[in-house]
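Peer 1: Quick one: the structure is below, questions incoming.
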Amino acid sequence: MFKKPVCLISNDDGVNSVGIRLLAETVSEFSTVYIVAPDRERSASSQALTISRDLSHKKLSSQPYSNNIYSLDGTPVDCVRYAISHLLPQKPSLVITGINRGGNMGTDIFYSGTVGAAMEGARYVCSALAVS
């Protein structure tokens, strides 16, 4: 029997954004989806980490596309780090961030929390993709 790969999805627009839901619905067709995203919008947070306090997460209601949806009171990079270290049963095969509400064009990518989260996934030696 074919076992689906694990995919971690995050963003900088917040766990309740339309883009993250659309992305998860699509990706759930070929993978087991974990969504770990900020509890509120964290756009332009780049690669910021929370170091002044402990992070906390909350499991949200299951949806047809995922039984594993979490909000985290941190940045997008925190979400990827926390998910891989504390929530996922294994390292994800793929980290996808987005779908971003705004475009990340030109030098905007240096400030984007969506791009920062994808880069954090790559630091964990996961295939990673940011979608705007």
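Peer 1: Restricting to region 28-42, give me the number of residues that are open to solvent by less than 90 Å² (accessible area, probe 1.4 Å) and touching a Lys or Arg at 6+ places or on another chain (Cβ under 8 Å).
Peer 2: 3
Peer 1: Of all residues in region 93-132, count the ones that are part of a strand (DSSP E or B) and either over 19 Å from Ile69 (Cβ atoms) or over 13 Å from the mean Cα position of the chain (by Cα) (or both).
Peer 2: Total satisfying the criteria: 4.
Peer 1: For region 1-21, how many residues meet the condition of being within 16 Å of Ser61 (Cα to Cα) and either open to solvent by 10 Å² or more (accessible area, probe 1.4 Å) or among the charged types (D, E, K, R) (or both)?
Peer 2: Total satisfying the criteria: 5.
Peer 1: Quick check: anything in region 59-66 farther than 21 Å from Asp108 by Cα, part of a strand (DSSP E or B) and not basic (Lys, Arg)?
Peer 2: Yes: region 59-66 contains one or more residues that are farther than 21 Å from Asp108 by Cα, part of a strand (DSSP E or B) and not basic (Lys, Arg).
Peer 1: Based on what the data block shows, is Lys3 on the phi < 0 side of the Ramachandran plot, touching a Leu at 6+ places or on another chain (Cβ under 9 Å) and without any contact (Cβ under 8 Å) to a residue 24 or more places away in the chain?
Peer 2: no
Peer 1: Moving on to the next point. With respect to Leu8, determine if the residue is of a type in the set (A, V, I, L, M, F, W, C) and part of a strand (DSSP E or B).
Peer 2: Yes.
Peer 1: All but one of (1) in contact (Cβ under 8 Å) with a residue 24 or more places away in the chain; (2) on the phi > 0 side of the Ramachandran plot hold for Ile9; state the number of the condition that does not hold.
Peer 2: Failed condition: (2).
Peer 1: Kindly provide the set of residues from region 76-90 that are within 14 Å of Cys126 (Cα to Cα) and of a type outside the set (A, V, I, L, M, F, W, C), ordered by number.
Peer 2: Once the filter is applied, which keeps residues that are within 14 Å of Cys126 (Cα to Cα) and of a type outside the set (A, V, I, L, M, F, W, C), region 76-90 yields Arg81, Ser85, Gln90.
Peer 1: Looking at region 101-113, can you tell me whether even one residue there is hydroxyl-bearing (Ser, Thr, Tyr), open to solvent by 60 Å² or more (accessible area, probe 1.4 Å) and touching a strand residue (DSSP E or B) at 6+ places or on another chain (Cβ under 8 Å)?
Peer 2: The answer is no, given that none of the residues of region 101-113 is hydroxyl-bearing (Ser, Thr, Tyr), open to solvent by 60 Å² or more (accessible area, probe 1.4 Å) and touching a strand residue (DSSP E or B) at 6+ places or on another chain (Cβ under 8 Å).
Peer 1: I've got another one for you. Residues of region 65-92 being open to solvent by 60 Å² or more (accessible area, probe 1.4 Å) and either over 11 Å from the mean Cα position of the chain (by Cα) or closer than 16 Å to Asp13 by Cβ (or both), which ones?
Peer 2: Those that are open to solvent by 60 Å² or more (accessible area, probe 1.4 Å) and either over 11 Å from the mean Cα position of the chain (by Cα) or closer than 16 Å to Asp13 by Cβ (or both): Asn67, Ser85, His86, Pro89, Gln90, Lys91.
The values are calculated or read from the model by the stated rules, or taken from the named source; none is laboratory data. Everything numeric in this text was worked out from a predicted model, so none of it was measured. When we count neighbours, we look across all protein chains shown, and the Cβ atoms used for this are built from the backbone with ideal geometry, even at glycine. Heads up: the accessible areas ignore ligands, DNA and RNA and are worked out on the full protein's heavy atoms, side chains in. Shrake-Rupley method; radii C 1.70, N 1.55, O 1.52, S 1.80 Å.
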